[in-house]
1. Any idea what the dipole of the chain comes to, in debye rounded to 20, about its Cα centre with Lys/Arg Cβ at +1 and Asp/Glu Cβ at -1?
2. How much area per residue is accessible in region 139-241 when the probe is 1.4 Å and only protein heavy atoms are counted (Å²)?
3. Over the chain, what percent of the accessible surface lies on carbon and sulfur atoms, probe 1.4 Å?
4. With a 1.4 Å probe and all protein chains left in place, how much accessible area per residue does region 30-123 have, in Å²?
5. Length gain on complete extension for the stretch V102 to W225, per 0.36 nm per residue less the alpha carbon to alpha carbon distance?
6. Enter the angle in degrees (range 0 to 90, nearest 10) between the Cα long axis of helix 36-59 and the first principal axis of the Cα atoms of the chain, meaning the one along which they spread out most.
7. Mind grabbing the accessible area of I103 for me, 1.4 Å probe, Å², rounded to tens?
8. Which length gain, in nm to one decimal place, applies between F110 and I3 when the Cα-Cα distance is subtracted from 0.36 nm times their residue separation?
Amino acid sequence: MTIKKYTAEAIGTFWLTFGGCGSAVIAAGLPNIGIGYLGVSLAFGLTVVTMAYAIGHISGCHLNPAVTIGLAAGGRFPANQILPYVVAQVVGGLIGGAVLYVIASGKAGFDVAGGFASNGYGDHSPGHYSLLACLVAEFVLTALFLFIIMGATHGKAPAGFAPLAIGLGLTLIHLISIDVTNTSVNPARSTGVAIFAGGWALHQLWLFWLAPIAGGVFGGVTYRWLSSEPSGQVVGSGPAE
């Protein structure tokens, strides 16, 4: 049933937002024993690996509007399913952000002014990178993420290894770009925490929709040009009734 695909996308995006951003908000900065950038990068990658095995057969496990739109541009996802998938992903991201906020705010001294794992540029970039630098990073990294996804899920790729390739790809993306933008490459993840951070995070959110979606489309179209032979759509087979 189609509703089950949407529900799977919402649950998966909840897990990505809660698990990935939760590692950044709760565990990254603990004195002396914090997990740091490496730990946060691994956390985001692990959310994708675990959910890809859990729900990949149901919905395709996109968890990301840029992935859904990029796959459609690459001919691997039906265009008439873009909107409901994106809505489900944003809802999942918002619920993930809400649950994280409830937990994080239970600690004395908690303040969303610290950013709440939001993405930013300029003064709100962790490394104070410019708007242009952040735009280019998000575009290029999302394009390459789609390239990895398109290749790993291709019919001629080694069977069963797509979740590992995609999760490790997302880990590498975070290792490269946390200091640049706090790493988005995913508008739903960005929205899920920006809503609670408010202020500058909402004002800068536009970039983390525009650049990842543009990059996703570019990556999807480029891979389709390089490997135009038919391959299965990334939609899942649907749950057994």
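1. About 340 debye.
2. That works out to 44 Å² for each residue.
3. Taking all protein chains in place, the chain shows 72 percent carbon and sulfur surface.
4. Value returned for region 30-123: 42 Å² of accessible area per residue.
5. Taking V102 through W225 to full extension adds about 39.7 nm, to one decimal.
6. Value to nearest ten degrees: 30.
7. 90 Å²
8. Contour length minus Cα-Cα distance gives 34.8 nm.
The values are calculated or read from the model by the stated rules, or taken from the named source; none is laboratory data. Everything quoted here is computed from the prediction, not taken from an experiment. A quick note on method: Cβ atoms are made from the backbone with ideal geometry, for glycine too, and the neighbour counts reach across all protein chains shown. Note: areas computed on protein heavy atoms with side chains; ligands, DNA, RNA excluded. Shrake-Rupley method; radii C 1.70, N 1.55, O 1.52, S 1.80 Å.
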